[in-house]
Amino acid sequence: MRYTPHKYQLEAIEFLLGNRYAGLFLDMGLGKTSISLFAIKQLAEAGFIKKVLLIAPIRALYTVWPNEISKWDDFEGLTYHNLHESRLAPSSVKGALIHATNPESALPWLKRGAFFGGDYDLLLIDESAEWKNPASQRFKALKKGLGAFQYRWILTGTPSPNGLEDIWSQIYILDQGKSLGHYITHFRNEFCVPDRSGYSYEVIPHYKDILFRRIAPLVMRMSARDNIDMPDLIINPISVILPPPAFKIYKAMEKEFLAILGSGEKVASPNAAVAGGRCRQISNGGLYTEDGVEHIHYEKINALKGIVEDLNGTPLLIFYEFNHDEERIQTALGGVPNLTRTKTPDELIKRFNEGTIPVLIGHPKTVGVGLNLQGACSNILWMCPPWDLYLHDQANARVYRQGQKNARVVIHYLIGEKTIDTKVLKVLAEKGREQEDLFKAIEDYKKNITLDSSFPV
């Protein structure tokens with residue numbers, strides 16, 4: 001099958017080819033993989049690159065990238081080697097244009113400088129938001145050798161999942177600090193103030209415009225809604241009232257950091273952060289203890305059963321956060337397939353997309369990247385809203401993406417009334433709005449920016 005790029009994909013390809021250092025902030029489902037592969041092919045055929053280092057999430061490493069290469073006849077000459085799978089030293093791999101690995105497997109080689117010897121011309125980081133922490137070992141190791149790559153490209157649909165401070169390290173990968181400062185402290189001193197917690201920083205609203213203008217030349221933003229036909233997205237928060245005994249336990253943990261469970265066991269939290277995490281568990285219906293798990297209530301499970309009954313066999317994808325959530329789900333629904341734990345994910349995905357599996361569950365950290373689950377499913381349910389916007393958006397994009405044939409996609413959230421769930425959902429929405437501000441600014445500024453002519457297209 002021949003690869004015929006859409007108009008928006010051609011614009012993205014031209015952007016990559018017109019800039020040695022470029023980021024694509026594309027919504028999930030817009031084809032950033034095929035866009036990148038087409039641009040790589042053009043560079044390779046023109047003799048500008050001989051070897052590509054691709055660092056991607058592990059599931060994408062095994063499925064998305066090799067599948068996209070084999071899917072299109074145009075990419076037949078793009079040779080691909082999975083370093084994570086072969087466990088070979090990078091220097092011993094011969095004949096492959098694209099050397100692919102995941103961040104964890106790349107770390108020891110980055111520390112040894114194995115990718116910085118001049119053989120690798122292009123660095124391509126898929127899901128660059130996974131590099132947002134400038135204090136991480138992976139970023140520090142990569143930072144030392146960035147100058148060895150003639151071309152550096154990053155790809156993500158969620159560049160600022162926890163606030164605009166997440167942008168700094170990703171932009172640094174592109175321009176080594178020219179736009180936003182050579183150190184994170186420089187960025188914070190120029191753009192930020194400490195947030196209310198005192199443990200992190202937030203960009204001063206008045207300075208956001210300056211930040212956006214500086215990074216706009218380096219990145220291209222494209223939204224799914226503006227470029228492809230997308231179904232309506234319906235957000236459905238479902239209020240769940242905790243039973244009085246469970247709510248009493250919840251309030252004790254929230255206020256006193258100490259709760260006495262129904263079994264008589266006492267659970268104490270050393271600080272507010274730990275107490276907050278336990279409050280989320282209690283709202284869901286269970287709590288990890290020294291002896292294992294104590295199930296406290298089943299109100300969210302009852303709400304889940306009601307939704308499953310209402311859907312009457314229409315496929316539902318459920319995301320859970322705690323293992324004790326899974327225990328209660330399995331007990332209530334009589335055993336349902338878990339995509340996180342299965343040894344045969346391809347078969348499970350095929351049956352779910354065909355509509356023969358009415359309920360599929362999974363953890364967003366393992367299910368949230370590189371899977372297409374939109375075949376028959378148009379309903380997603382979260383047992384509780386997550387703090388992390390990246391995790392949230394990636395997971396939802398398994399269903400709300402190109403190829404979705406239903407007229408609407410519904411995302412259900414089970415929200416414990418008067419619990420931390422309401423705060424998490426609010427924070428999640430605020431993070432989403434701030435990221436949308438970033439996207440809109442980039443799109444607006446892009447109209448007045450010409451491409452870097454340093455690269456001979």
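Taking +1 at the Cβ of each Lys and Arg and -1 at the Cβ of each Asp and Glu, which of Leu110, Ile69, Ala100 sits farthest along the dipole of region 63-116 towards its positive end, judged by Cα position relative to the Cα centre?
Checked the options; the winner is Leu110.
Can you give me the angle between helix 323-333 and the longest principal axis of the chain, using Cα atoms only, in degrees from 0 to 90, rounded to the nearest 10?
Once rounded, the angle reads 60 degrees.
Expressed as a rounded percentage, what relative contact order does region 277-425 have, with Cα pairs under 8 Å and six or more residues apart?
So the answer I get is 25 percent.
Leaving ligands, DNA and RNA out of it, report the carbon-plus-sulfur percent of the accessible area of region 171-272 at a 1.4 Å probe.
That share works out to 53 percent.
Give me the lysines in straight-line cross-link reach of Lys343: C-alpha distance below 21 Å, same-chain residues under 8 apart excluded.
Leaving aside lysines fewer than 8 places away in the same chain, those within reach of Lys343 are Lys365.
For each pair in Lys132/Lys446; Lys111/Lys178; Lys132/Lys418, compute the distance between the two Cα atoms and list the pairs where it is over 26 Å.
Lys132/Lys418
Could you give the dipole magnitude of region 107-162 about its Cα centre, charging the beta-carbon of Lys and Arg +1 and that of Asp and Glu -1, in debye to the nearest 20?
It comes to approximately 360 debye.
Which value, in Å² and to the nearest 10, is the accessible area of Arg278 when all protein chains are kept and the probe is 1.4 Å?
So the heavy atoms of Arg278 present about 60 Å² to solvent.
Projecting each Cα onto the charge dipole of the chain (Lys/Arg +1, Asp/Glu -1 at the beta carbon, about the Cα centre), which of Leu142, Ala303, Gly370 comes out farthest on the positive side?
The Cα lying farthest towards the positive end belongs to Leu142.
Positive end of the charge dipole of region 142-262 (Lys, Arg +1 and Asp, Glu -1 on Cβ, about the Cα centre): tell me which of Pro243, Asn227, Pro205 has its Cα farthest that way.
Checked the options; the winner is Pro205.
Can you work out the accessible area per residue across region 71-190, with the rest of the protein chains kept in place, probe 1.4 Å, in square angstrom?
Value for region 71-190: 39 Å² per residue.
Which whole-number percentage describes the relative contact order of the chain, with Cα contacts under 8 Å and a sequence gap of 6 or more?
18
Given charges of +1 on the Cβ of Lys and Arg and -1 on the Cβ of Asp and Glu, with all other atoms neutral, how large is the dipole of the chain about its Cα centre, in debye to the nearest 20?
Its charge dipole is roughly 760 debye.
How many angstrom separate the Cα center of region 20-44 from the Cα center of region 388-422?
Centre-to-centre (Cα) distance: 26 Å.
If you project the alpha carbons of region 113-231 onto the principal axes, what extent comes out on each, in Å, largest first?
44, 42, 23
Express the relative contact order of region 153-261 as a whole percentage, based on alpha carbon pairs under 8 Å and six or more residues apart in sequence.
Over region 153-261, the number comes to 15 percent.
Which value at 222 nm does the chain reach when only helices count, each DSSP H run of 4 or more adding -39,500 (n - 2.57), with the total divided by all residues and rounded to the nearest 500 deg cm²/dmol?
My calculation for the chain gives -12000 deg cm²/dmol from helical runs alone.
Sequence neighbours fewer than 8 away in the same chain don't count; with that in mind, list the aspartates and glutamates whose C-alpha is under 14 Å from Lys32.
By straight Cα distance, Lys32 reaches Glu11, Glu14, Glu68, Asp126, Glu127.
Note down the magnitude of the dipole of region 296-377 about its Cα centre, charges +1 on Lys and Arg C-beta and -1 on Asp and Glu C-beta and zero elsewhere, to the nearest 20 debye.
So the magnitude is around 160 debye.
From the P(r) of the chain, can you give the percent of Cα pairs sitting at distances over 43 Å?
Percentage above 43 Å: 17.
Lys266: which aspartates and glutamates have alpha carbons under 16 Å from its alpha carbon, excluding same-chain residues fewer than 8 sequence positions away?
Excluding near neighbours in sequence, the set is Glu254, Glu256, Glu290, Asp291, Glu294.
The values are calculated or read from the model by the stated rules, or taken from the named source; none is laboratory data. Because the structure is a prediction, the values reported are computed rather than measured. Ideal geometry is used to build each Cβ from the backbone, glycine not excepted, and the neighbour counts take in all protein chains shown. The area values use the complete protein model at the heavy-atom level, side chains included, leaving out ligands, DNA and RNA. Shrake-Rupley method; radii C 1.70, N 1.55, O 1.52, S 1.80 Å.
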